[in-house]
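Notes follow the structure.
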Amino acid sequence: MKGKFIVFEGIDGSGKTTQINQLSKWLISTDLIPENNKLVITREPGGTKLGKSIRSLLLDTSIEKSPDSITELLLYAADRSQHVNEIIRPTLDQGDWVISDRFCGSTLAYQGYGRKLDINLIKDLEAIATQGIAPDITFLLDIPIEESIRRRRNRKDDRIEKEGREFLSNVSLGFQALSEDSNWKKLSAIDSKEKIISEIKSEIKKLIKNK
Ligand code: TMP
């Protein structure tokens, strides 16, 4: 039996890591994941060894010249292709579950809505990189950009985070548009952590019931 694939998306500072940790603790404590199957937590970019090198090429602020936007897009696609082939597909094929911190939605939001690259080009690359693997559910942790900036004020920005307010605002609009899809669930990331995790849990229970 094929396992479940859960993705978390959102602009930086939306609290994805906290919710992923909460969800994984809860899942492990329930019997939703079949006995003999496990849960794998991963992320993009950088979910594989090769991906970690790609991640530093993408996000390192000390690189003298930033990649141009098409190079950036191809690097995210390369990271995803390796991630799907090395981790996501084999894990799901065994019936194990995967939670990924970011997936294709991030490329559509950041490179599509943020960098204004052609959405059809992004979708073509997505099809190549994922070979049809798609999340069962994607949670968007939605946060106002002012709050994202406030939460990150004591953290060193990576290259994408340095892009500024207008870029971030476009990315956020992109995520809003993507979250209209029926496989996405938008949650307000300024609600209490307890409220957010309880909504996530009820969506996961629904997912199991319906499939
Ligand atoms: P992270 O800090 O949440 O791991 O994400 C790394 C950064 O990469 C974040 O600023 C979002 C950006 N990103 C893209 O621009 N496109 C993508 O396809 C992905 C996966 C991430």
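Things to note:
- Considering only residues in segment 91-103 that are open to solvent by less than 10 Å² (accessible area, probe 1.4 Å) and within 20 Å of T17 (Cβ to Cβ), the one that is nearest to the ligand (Cβ to nearest atom) turns out to be F103.
- Neighbours by Cβ (under 7 Å, 6+ apart or cross-chain): first from segment 124-140, modelled with pLDDT of 95 or more; second part of a loop (DSSP other than H, G, I, E, B): P135/F103; P135/N183; D136/K4; I137/N183; T138/N183; L140/G10; L140/S179
- Qualifying residue in segment 31-41 (condition: away from the ligand (no atom under 14 Å from the Cβ), in contact (Cβ under 8 Å) with a residue 60 or more places away in the chain and touching an Asp or Glu at 6+ places or on another chain (Cβ under 6 Å)): yes
Yes/no matrix, rows are residues, columns are (1) open to solvent by less than 30 Å² (accessible area, probe 1.4 Å); (2) within 16 Å of the ligand (Cβ to nearest atom); (3) more than 18 Å from I20 (Cα to Cα):
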residue	(1), (2), (3)
A127	no, yes, yes
I137	yes, no, no
I143	yes, yes, no
R150	no, no, yes
F175	yes, yes, yes
I204	yes, no, no
N210	no, no, yes
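- Exactly one residue out of S66, S56 is free of Cβ contacts under 8 Å to residues at least 40 places away in the same chain and open to solvent by 40 Å² or more (accessible area, probe 1.4 Å): that is S56.
The values are calculated or read from the model by the stated rules, or taken from the named source; none is laboratory data. The shown structure was predicted, so the numbers you read here are calculated from the model rather than taken from an experiment. Note that each Cβ is placed from the backbone with ideal geometry, even for glycine, and that neighbours are counted across all protein chains shown. SASA here: full protein model, heavy atoms, side chains in, ligands and nucleic acids out. Shrake-Rupley method; radii C 1.70, N 1.55, O 1.52, S 1.80 Å.
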